[in-house]
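Novice: Before I ask anything, let me first share the structure, which is written out below as structure tokens.
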Amino acid sequence: MAFLPTELRGGEATPTLIPCAIDQDPYFRLARDIAETLGYPKPATLYSKFIMALTGESKMSASNPDSAIYTLDDAKTVRRKIANAFTGGQPTAELQRRLGGNPDICPVYQYHLLLDPDDASVKKIYEDCRSGALLCGECKKMLQEKVEKFLKIHIERREKARDKVDEYRISTKIK
Ligand code: SF4
């Protein structure tokens with residue numbers, strides 16, 4: 001992946017920027033170590049963070065579709081996944097009001113953090129959770145609206161981009 005663009009351009013040194021998850025880091029460190037001795041430019045990487053699984057584990061699992069919201073999930077599926085999501089909340093509303101929740105272990109909060117561009121709004125969710133002013137049901141409802149809005153825009157853009165996919169597809173054979 002790191003060296004392919006150079007090969008496709010007949011050996012013309014072509015820099016690459018590779019988006020990947022942080023667990024792929026060792027491979028690209030190795031590629032950077034050997035690239036120049038093989039005559040290629042060192043690849044650059046752009047790391048993404050793992051999002052906590054909706055089930056509460058540290059990362060999503062491909063074998064459990066309910067551990068994440070997929071970009072092609074319909075509204076009904078999104079509602080079900082969020083409704084069933086693990087939270088950092090207390091077992092009852094009364095306890096939540098009295099003791100507050102724990103957004104630091106809560107995937108619902110992680111998704112607010114991911115999807116809401118307004119830092120003040122996310123900070124308020126954090127503080128209201130901690131103080132007990134916000135209940136998990138309300139918090140999930142807010143998230144559901146954000147996810148549905150995000151997916152609606154994403155799906156519209158995806159449809160518009162459908163005809164452009166071939167422009168970015170590499171079909172050349174490497175000699
Ligand atoms: S109020 Fe929201 S952030 Fe806090 S524990 Fe419940 S779902 Fe998580």
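The values are calculated or read from the model by the stated rules, or taken from the named source; none is laboratory data. Everything quoted here is computed from the prediction, not taken from an experiment. FYI the Cβ positions are ideal-geometry reconstructions off the backbone, even for glycines, and counts take in every protein chain you see.
Novice: If residue 90 passes every condition in (1) at pLDDT below 95; (2) in contact with a Lys or Arg (Cβ under 9 Å, 6 or more places away or on another chain) but one, which one does it miss?
Specialist: (1)
Novice: Among the residues of the stretch 36-86, how many are assigned to a helix (DSSP H, G or I) and surrounded by 15 or more Cβ atoms within 10 Å (Cβ to Cβ)? Lay out the reasoning, then the answer.
Specialist: Of the stretch 36-86, the ones assigned to a helix (DSSP H, G or I) are 36-38, 65-67, 75-83.
Within this subset, residues satisfying the condition of being surrounded by 15 or more Cβ atoms within 10 Å (Cβ to Cβ) are 66-67, 78-79, 81-82.
Of the residues in that region, 6 qualify.
Novice: Ok, one more. Residues in the stretch 49-72 that are among the hydroxyl-bearing types (Ser, Thr, Tyr) and out of contact with any Ser or Thr (no Cβ under 7 Å at 6 or more places or on another chain): how many?
Specialist: Initially, the stretch 49-72 is screened for residues among the hydroxyl-bearing types (Ser, Thr, Tyr), giving 55, 58, 61, 63, 67, 70-71.
Pick out the ones that are also out of contact with any Ser or Thr (no Cβ under 7 Å at 6 or more places or on another chain) and you get 58, 63, 70-71.
Number of matching residues: 4.
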